[in-house]
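Asker: Dropping a structure here in structure tokens format, bear with me for questions.
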Amino acid sequence: MRLSLGRSALVAAAVCAAVATGVVLSPPAGPAIAQTAEFGQTSTVGALFTLTPSGQLGTHFCTASVVDSPRGDLILTAAHCMANRQERRVAFVPDYDQGQAPFGIWTVRDVITDANWVSASDPDDDYAFLIVHRAGSKTPLQSLTGGEVVGVDIPAGRVVKVAGYPDGTDALISCQNTAEAFSPTQYQFDCGGFTDGTSGSPLLADVGPLPGADTVIGVIGGYEQGGDTDSVSYAARFSTRLSQLYQTALAAARR
């Protein structure tokens, strides 16, 4: 088990409580970053947009969420969301609602995906970390929104809340249900309304007994790139490969 205690006492206690149900990853200790997200709060969740040649927002096409990192500039989505896209023509808008961007617009500068996804589009590796930045700002994204803890090998049967942005709408939808086992490597989540655009939506579980430590255990994607109906969604269960990719992303963010 890999833990770092460079976080608040509340988060540390919640992490310790998760030992029996999986591994909760915390990045190496770094500058103090606000950890404000509580279970059910959606400030960490946002829409991914295309950018026009002039740098304006185009259409939103997927969902992503902020994860805990020392630099505070890391988000998580499904790998298939970034297929055939130029990262610098993609922006993340956390807590987007009806054209409003309360935490600003953040441009993607780097995409980190697993080698198995790159070579074979393996549905068990359908996740990607994106490094973002905001021109002219030195304020880390995570200090504004909070950041989710990354959970690995969390068994099925956890109650999760999932939030995302369907295509054709300008507002977030959310639903709470149990992440059931579809296979040993995939979760199944049954809730209506999760159409195209919700790929990358985080499955958030309150692993610990205390608030302030939302844990993302998967993102909509994986089997059938998340599902072919709006009522049944899938997500790759985060594994050792995800934790290795997380470390790769943390290292890339420091460059």
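Asker: Out of all the residues in the range 220-233, which are buried (at least 24 other Cβ atoms within 10 Å of the Cβ) and either touching an Asp or Glu at 6+ places or on another chain (Cβ under 8 Å) or among the small types (Gly, Ala, Ser) (or both)? Steps first, answer last, please.
Answerer: Taking the range 220-233 as the starting set, the residues that turn out to be buried (at least 24 other Cβ atoms within 10 Å of the Cβ) are 220-222, 226, 233.
Scanning the range 220-233 gives 221, 222, 226, 233.
Asker: Working carefully through the options 171, 235, 252, find the one that is among the hydrophobic types (A, V, I, L, M, F, W, C) and in a loop (DSSP other than H, G, I, E, B). Let's see the steps before the verdict.
Answerer: On the way: 235 fails: in a loop (DSSP other than H, G, I, E, B); 252 fails: in a loop (DSSP other than H, G, I, E, B).
Just a single option satisfies the conditions, and that option is 171.
Asker: Cβ-Cβ distance below 8 Å, separation of 6 or more or different chains: which pairs start in the range 53-76 with a residue that is on the phi > 0 side of the Ramachandran plot and end on one that is hydroxyl-bearing (Ser, Thr, Tyr)?
Answerer: Going by the 8 Å Cβ cut-off, the qualifying pairs are 72/143.
Asker: Then there's this: Scan (1) at pLDDT 95 or above; (2) under 15 Å from residue 133 (Cα atoms) for the single condition residue 89 breaks and write down its number.
Answerer: So residue 89 meets the others, but not (1).
Asker: Mind checking whether some residue in the range 133-140 is in contact with a Leu (Cβ under 6 Å, 6 or more places away or on another chain), at pLDDT below 95 and within 21 Å of residue 93 (Cα to Cα)?
Answerer: Residues of the range 133-140 that are in contact with a Leu (Cβ under 6 Å, 6 or more places away or on another chain), as a first pass: none.
No, every residue in the range 133-140 fails to be in contact with a Leu (Cβ under 6 Å, 6 or more places away or on another chain), at pLDDT below 95 and within 21 Å of residue 93 (Cα to Cα).
Asker: Name the residue, out of 119, 137, that is surrounded by fewer than 16 Cβ atoms within 10 Å (Cβ to Cβ), among the hydroxyl-bearing types (Ser, Thr, Tyr) and not in a helix (DSSP H, G or I). Explain how you work it out, then say what you get.
Answerer: Numbers: 119 fails: not in a helix (DSSP H, G or I).
Sole residue among the options that is surrounded by fewer than 16 Cβ atoms within 10 Å (Cβ to Cβ), among the hydroxyl-bearing types (Ser, Thr, Tyr) and not in a helix (DSSP H, G or I): 137.
Asker: Separate question: Touching a residue at least 12 places away in the same chain (Cβ under 8 Å) and closer than 17 Å to residue 127 by Cβ: does that describe residue 186? Break it down stepwise before answering.
Answerer: Numbers: touching a residue at least 12 places away in the same chain (Cβ under 8 Å): yes; closer than 17 Å to residue 127 by Cβ: yes.
Against the criterion (touching a residue at least 12 places away in the same chain (Cβ under 8 Å) and closer than 17 Å to residue 127 by Cβ), residue 186 qualifies.
So that you can scan it fast, the table gives a plain yes or no per residue for (1) at pLDDT below 90; (2) over 15 Å from the mean Cα position of the chain (by Cα); (3) of a type outside the set (A, V, I, L, M, F, W, C); (4) in a loop (DSSP other than H, G, I, E, B):
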{"site": "16", "(1), (2), (3), (4)": "yes, yes, no, no"}
{"site": "30", "(1), (2), (3), (4)": "yes, yes, yes, yes"}
{"site": "46", "(1), (2), (3), (4)": "no, no, yes, no"}
{"site": "58", "(1), (2), (3), (4)": "no, yes, yes, no"}
{"site": "62", "(1), (2), (3), (4)": "no, no, no, no"}
{"site": "65", "(1), (2), (3), (4)": "no, no, yes, no"}
{"site": "84", "(1), (2), (3), (4)": "yes, yes, yes, yes"}
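Asker: Another question, then. So which residues in the range 86-116 are outside any loop (DSSP other than H, G, I, E, B) and more than 17 Å from the chain's Cα centre (by Cα)?
Answerer: The answer is 88, 89, 97, 100, 115, 116.
Asker: Still on this structure, I have one more. If I filter the range 202-224 down to residues being in a loop (DSSP other than H, G, I, E, B), closer than 23 Å to residue 92 by Cβ and out of contact with any Ser or Thr (no Cβ under 6 Å at 6 or more places or on another chain), which single residue comes out as modelled with the lowest pLDDT? Full working, then the answer.
Answerer: Filtering the range 202-224 for residues in a loop (DSSP other than H, G, I, E, B) gives 206-214, 221-222.
Applying the additional criterion that residues be closer than 23 Å to residue 92 by Cβ yields 212-214, 221-222.
Right, trim to out of contact with any Ser or Thr (no Cβ under 6 Å at 6 or more places or on another chain) and you get 212-214, 222.
On the way: 212: 46, 213: 59, 214: 85, 222: 93.
Among them, the one singled out is 212.
Asker: Take the conditions of a type in the set (Asp, Glu), farther than 24 Å from residue 95 by Cβ and either at pLDDT 95 or above or surrounded by fewer than 18 Cβ atoms within 10 Å (Cβ to Cβ) (or both) and apply them to residue 196. Does it pass?
Answerer: On the way: of a type in the set (Asp, Glu): yes; farther than 24 Å from residue 95 by Cβ: no; either at pLDDT 95 or above or surrounded by fewer than 18 Cβ atoms within 10 Å (Cβ to Cβ) (or both): yes.
No, not satisfied.
Asker: Counting just the residues of the range 188-203 that are on the phi < 0 side of the Ramachandran plot and not polar (S, T, N, Q), which one comes out nearest to the chain's Cα centre (by Cα)?
Answerer: Of all residues in the range 188-203, those on the phi < 0 side of the Ramachandran plot come to 188-192, 194-196, 198-199, 201-203.
Still in the running and not polar (S, T, N, Q): 189-192, 194, 196, 202-203.
Working: 189: 16, 190: 19, 191: 19, 192: 20, 194: 16, 196: 17, 202: 5, 203: 8 Å.
Ranking the candidates gives 202 first.
Asker: Tell me, yes or no, whether the range 176-191 has at least one residue that is closer than 21 Å to residue 249 by Cβ and crowded, with 22+ Cβ neighbours inside 10 Å.
Answerer: No, that holds for no residue.
Asker: Moving to a separate point now. Given the conditions (1) within 24 Å of residue 249 (Cβ to Cβ); (2) part of a loop (DSSP other than H, G, I, E, B); (3) in contact (Cβ under 8 Å) with a residue 24 or more places away in the chain; (4) out of contact with any Ser or Thr (no Cβ under 8 Å at 6 or more places or on another chain), report the number of the one that residue 199 does not fulfil.
Answerer: (4)
The values are calculated or read from the model by the stated rules, or taken from the named source; none is laboratory data. Just so it is clear, the structure is predicted and the values come from calculations on it, not from any experiment. Virtual Cβ from ideal backbone geometry, glycine too; neighbours counted across all protein chains shown.
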